[in-house]
Each structure stands twice: as C-alpha cells, then as structure tokens.
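Scroll down for the structure; my scribbles are underneath it.
Computed from the coordinates by the stated procedures, all read-outs in this text should not be read as laboratory data. These numbers come from a predicted model, not from an experiment. Don't worry about glycine lacking a Cβ; one is built from the backbone with ideal geometry, like all the others, and counts go over all protein chains shown.
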Amino acid sequence: MQKKCRRCGELFTPVDGEFYCEKCGGTAAVVMPNEKPEITAPEELPPEIKKYTLREAREKAGFPQNTIAKQLGMSQGSYNNMERGNYMSIDRVKRFSGIVNIPPEQIKCREPKPPVRPSCVTKHKNPAGFTPKPVPEVKQAVNELVEPVNKAFPQDNSQPTDTTNKQFPQDSEENEYRYLNAAWLNEIAIGLTAGIKKHPGETWHDIPANEHLARAFRHINLMRMGDRSDNHIINASMRLMMAYVVDRNK
C-alpha cells in the first residue's frame, strides 16, 4: 500500500513496514485517502457493582431495625444512629452482611472516627504548666493554712469524753464514783423500781442472803450458757446488792 511523503510529496511503497521515501529518504508519511485506519473495539467493562447504604441493605433484606440491632448485640437507638450516619466498624459490617445476605464490599459505609483530643492536649503534655507537689509537701502546706484558723476559732467538742485516766488538779477521794458505770447503775435503778411495783413493801429484806446469792448465780450461769431471754446481768446485780444489804443488816 503506497504512502505519500510529507517532505517531497512523492508516493512510495513501504518496504518491510519501513516508511522511508525512496526519493528523499523522508520518514514522515501520511495516510492515503483510500487507506482507513484500523479501529479496535473497546474492551468490555464489567458492569458497575451496586452498593447499598446500611438502610438500603436492611430494607432490601426486609428486616426491621430492632431485628438487626438485636442480632448485632446493641440497642435499636444505637443502630439507628449508625444507620443515619452510615458508619459502622469493619467487624460489625461483616456480621451485618451475613444478616442481610449482601457481600461486605457492596455495603457502602464508613468507619467511625476515633475521638479527637483537644489541640492543647496533643501539643502540650502539661498545657497549664502545673507541676504536682509530693504528698508530704501538700499535707504540710494544708496544716500551715489550717493551724491559724484552729487557733482563732477553737472547736467546741460537745460530746462527752472519757475522763477515767485523766489527772485533775485535786486530791483523790477514797470512794471515786468516776469508776462506776452510770448506765449500769441506771439499769439497776430501773429494775429495782419495777420490782417495787411488782412486789410492794420491799419484801426482799425478808429473804435470806444465800437465797439472793443463789438467784444471782442462776442469772450468771444462764448468761454464760448463752441465754439472752432476760437481762441476766442486771438481775444478778440486783440480787447481789440485796444479798449484801440483808447480810449487813443481820
């Protein structure tokens, strides 16, 4: 097939596919009018893969939101937020694709963004420039602040305190009533008052001391055996007092 040289305009026949002009040696040739370029058919492209959003995939499978949320192990509200924002982790996407029977690559969603730390925290480890002090120094500083306040406003401790072992600037007595338990004495007085109402006339003076002692030992032994049906300690205390009085009045 002849070609036309662009340099001299003469026609020449290419030899072995070399487009050289026989007259001038030009290599630039143009296609003749009767020569049509070969047209190759374009490659057939695969059809576009349909992608579905989370909502579209769920509706295509015909599931309600609560069913999907239950199978994914979350609340319906949490799943609804994912569906509205169209974001879901890769692991959940794989489980979701198995539920709706759609390949994961056909589900169009995005990964949830990690929480963003404030710029002041990311740029500076200690944005406020605060250096914490050791605990002993903090305690000492607090004590120094609190001590003058305590001196200016002394505390009023209205609760009774135990003064048994305290020494007072006075002479000791031969019968120190401070060693007697006030609650124990009060319980004995209550028991004696109830006995007077039950047995008027103070008839216990007519009972021998040994009888009072036997009754006292009875209450003590019952208490030792674990019986809590009666106030054995107070009853024994009353009987011992009665035995003492009767024995002294012989």
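Can you tell me what percent of all Cα-Cα pairs in the range 182-248 are more than 17 Å apart?
Details: 954 of 2211 pairs.
Tail of P(r) above 17 Å: 43 percent of Cα pairs.
Using amide H atoms built in the peptide plane, which far-off residues or other-chain residues are under 5 Å from Ile107 H to H?
For Ile107, the qualifying residues are Tyr52.
Pick out, from Met82, Pro103, Ile68, the residue whose Cα sits farthest towards the positive end of the charge dipole of the range 54-106, with +1 on the Cβ of Lys and Arg and -1 on the Cβ of Asp and Glu.
Ile68
At 0.36 nm per residue, and after removing the present C-alpha to C-alpha distance, how many nm does the segment from Leu145 to Ala214 gain when stretched out fully? Kindly include the intermediate steps, with their values, before the conclusion.
On the way: separation 69, 0.36 × 69 = 24.84 nm, distance 6.45 nm.
So the extension gain works out to 18.4 nm.
Placing +1 on the Cβ of each Lys and Arg and -1 on the Cβ of each Asp and Glu in the range 182-248, which of Thr203, Ser237, Met223 has its Cα farthest towards the positive end of the resulting dipole?
Met223
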